[in-house]
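To start, the structure itself, in structure tokens.
The values are calculated or read from the model by the stated rules, or taken from the named source; none is laboratory data. None of the values given here were measured: they were computed from a predicted structure. Cβ placement follows ideal geometry from the backbone for every residue including glycine, while neighbour counts extend to all protein chains displayed.
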Amino acid sequence: MSAPITKAVIPAAGLGTRFLPATKAMPKEMLPVVDKPAIQYVVEESVAAGLHDVLMITGRNKYALANHFDRMTELEAILERKGDHERLHKVNHSTTLADIHYVRQGDPLGLGHAVLRAKMHVGNEPFAVLLGDDIIDARDPLLTTMLTEQGKRNASIVALMEVDPSQIHLYGAAAVEQTDDPDVVRVTGLVEKPSAADAPSNLAIIGRYVLRPEVFGVLEHTLPGKGNEIQLTDALQEMATTPEATGGVYGVIFRGRRYDTGDRLDYIKAIVQLAIDRDDLGPELRPWLRDFVTTLG
Ligand code: G1P
């Protein structure tokens, strides 16, 4: 049996231009989703799947990120003095959550380039990649399923979700073959952000991957693709078509709850959806929202 996977890589070096001016001096990963920065959901998901070793690939403005996952002794002392243990726990939680490491991306040359920056830290073992724009509901444990499939098939695994064909140009799209398991497909090809006409299917890669370390060698020779960026999808396309050398690629079909925080409209929807389900906010938000909707006519 192979050793269990322990490492997660979280690319967090995007410029966040869609959220300017909020992201002028702060990374978009720090935008609050209800009352937690988006990135904390992702780290919590990683830890819940047993991956406690987290490498963040950061860009400019990394300080807010590093501070969030560090101690904040002054604030802790004040809350301690007040006896406010509930808030003290909230402050401490992100500090004790995971063993977090940071590496700078340097030039922002694309997601594939960001993942390649993890090579030294990850070494020669499979690892997970979690993109911060996607929040997967903690009640629908996708990553755990992907880790199990990786162990079973010794391939690289991507998370796939059916999207409306009009949306496929926003994602990597997969050509697939069925397997014996209705929730797992063999990926035969991948295209980054195709037009609806060129898409091989309406199965979109959502931001979760469990990759074999062979991906690093492939990324080293992957040329800039869509948007003139080094695309992770292009490296995975090569792996999907060279299974003998790289282990091939399988897809886990996700049918659970996913919240996109990548643009302003989806971000607003994500906050409402997550707040509605919370015990502390839902009971008041639901009736207010119902009333508010009626005023819209
Ligand atoms: C990235 C990937 C794309 C994937 C998407 C998931 O794109 O390049 O293949 O489908 O994440 O969110 P981005 O949204 O960063 O442009």
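Among the residues of segment 226-276, the ones that are away from the ligand (no atom under 13 Å from the Cβ), among the charged types (D, E, K, R) and in contact with a Lys or Arg (Cβ under 8 Å, 6 or more places away or on another chain) come to 2 in all. Being within 13 Å of the ligand (Cβ to nearest atom) and either under 30 Å from T241 (Cβ atoms) or surrounded by 20 or more Cβ atoms within 10 Å (Cβ to Cβ) (or both) is a condition met by at least one residue of segment 91-108. Cβ contacts < 6 Å: first residue farther than 16 Å from P243 by Cα and in contact (Cβ under 8 Å) with a residue 60 or more places away in the chain, restricted to segment 140-160; second residue surrounded by fewer than 16 Cβ atoms within 10 Å (Cβ to Cβ) and of a type outside the set (K, R), any location; separation 6+ or different chain. Result? Going by the 6 Å Cβ cut-off, the qualifying pairs are D140/G256. Does any residue of segment 11-20 turn out to be surrounded by 14 or more Cβ atoms within 10 Å (Cβ to Cβ) and within 30 Å of R153 (Cα to Cα)? The answer is yes, given that some residue of segment 11-20 is surrounded by 14 or more Cβ atoms within 10 Å (Cβ to Cβ) and within 30 Å of R153 (Cα to Cα). One residue stands out in segment 162-174 among those that are surrounded by 22 or more Cβ atoms within 10 Å (Cβ to Cβ) and in a strand (DSSP E or B): the one that is farthest from the ligand (Cβ to nearest atom), namely A174. All conditions in (1) within 13 Å of the ligand (Cβ to nearest atom); (2) over 16 Å from the mean Cα position of the chain (by Cα); (3) among the hydrophobic types (A, V, I, L, M, F, W, C); (4) outside any helix (DSSP H, G or I) hold for L223, with the sole exception of (1).
Number of residues in segment 175-209 that are within 21 Å of R257 (Cβ to Cβ) and within 15 Å of the ligand (Cβ to nearest atom): the value is 8.
Scanning segment 138-161 for residues that are part of a loop (DSSP other than H, G, I, E, B), within 16 Å of the ligand (Cβ to nearest atom) and among the charged types (D, E, K, R) turns up nothing. Just to be sure before I move on: is V249 surrounded by 11 or more Cβ atoms within 10 Å (Cβ to Cβ), β-branched (V, I, T) and at negative phi in the structure I sent? It is true that V249 is surrounded by 11 or more Cβ atoms within 10 Å (Cβ to Cβ), β-branched (V, I, T) and at negative phi.
Do we find that K28 is among the basic types (K, R), surrounded by 14 or more Cβ atoms within 10 Å (Cβ to Cβ) and at pLDDT 95 or above in this structure? No.
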